[in-house]
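The values are calculated or read from the model by the stated rules, or taken from the named source; none is laboratory data. None of the values given here were measured: they were computed from a predicted structure. Reconstructed Cβ throughout: ideal geometry from the backbone, glycine too, with neighbour counts over all protein chains shown. Ligands, DNA and RNA are excluded from the accessible area calculation, which covers all protein heavy atoms including side chains. Shrake-Rupley method; radii C 1.70, N 1.55, O 1.52, S 1.80 Å.
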Amino acid sequence: NSPLFGLEPTSLLSQIITYLAYQGGPLNYRVWGALSCVAGAMERRSFIHNAAGLIYPNLFIMLLARPGVGKSLIVNPVQQLWTDTLLLNVGSQTTTSAAIIDQIKRSRSERTLGGTTYNTSCLLFASSEFGSLTSSYDQPLFSRLSDIYDGRTDYKSETRGGGEIILDAPLVHILIGA
């Protein structure tokens with residue numbers, strides 16, 4: 001019995017892949033689901049420092065397949081694992097451009113890493129169907145997600161009616177089916 005993808009059978013990723021096997025879905029989706037589950041939970045607690053700056057483990061994973069292949073068999077349990085921790089902020093399964101900023105703002109929390117306390121606004125999204133997350137015509141949502149995805153130290157948004165909104169160290173992680 002060889003280790004799955006060279007992973008030790010007792011590793012966290014192996015355990016999550018095994019857990020997802022009980023749910024169903026193809027092996028490659030279970031692997032991506034496990035990677036998404038762990039990376040999402042890491043938020044800004046882990047990073048790689050290179051010449052471009054800090055690289056965080058936030059991912060945008062899209063499971064592509066025809067209906068009935070098993071996307072929701074992976075996405076839904078990962079979302080449930082995130083929700084069950086009670087430590088992570090999980091976004092709604094449908095949203096708009098304005099609502100995503102509100103959700104990220106509400107996700108603001110204080111974290112401590114290496115003895116240093118900092119504020120962050122991390123939000124995890126999981127939806128088994130891309131069309132459920134947003135309307136296909138919501139181009140501002142995709143633009144905002146792209147800006148926030150880069151792991152910037154802050155994000156400023158301003159509207160005529162709502163004024164200026166500043167997000168502290170926002171980070172978005174997405175697992176979605178399509």
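In table form, for the structure just shown:
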{"read-out": "Pair list, Cβ under 9 Å, 6 or more apart: segment 25-40 residue farther than 11 Å from Lys71 by Cβ, other residue assigned to a helix (DSSP H, G or I) and of a type in the set (Phe, Trp, Tyr)", "value": "Arg30/Tyr19; Val31/Phe5; Ala34/Tyr19; Cys37/Trp82; Gly40/Trp82"}
{"read-out": "Meets criteria (touching a Ser or Thr at 6+ places or on another chain (Cβ under 8 Å), of a type in the set (Phe, Trp, Tyr), open to solvent by less than 40 Å² (accessible area, probe 1.4 Å) and touching a residue at least 24 places away in the same chain (Cβ under 8 Å)) for Tyr56", "value": "yes"}
{"read-out": "Test: Gly68 is buried (at least 18 other Cβ atoms within 10 Å of the Cβ) and either in a helix (DSSP H, G or I) or of a type outside the set (Asp, Glu) (or both)", "value": "no"}
{"read-out": "Hey, Leu88 under 21 Å from Ile61 (Cβ atoms) and either acidic (Asp, Glu) or without any contact (Cβ under 8 Å) to a residue 60 or more places away in the chain (or both) or not", "value": "yes"}
{"read-out": "Candidates Leu63, Leu87, Leu133, filtered to the one that is in contact with a strand residue (DSSP E or B) (Cβ under 8 Å, 6 or more places away or on another chain), modelled with pLDDT of 90 or more and farther than 23 Å from Gly161 by Cα", "value": "Leu63"}
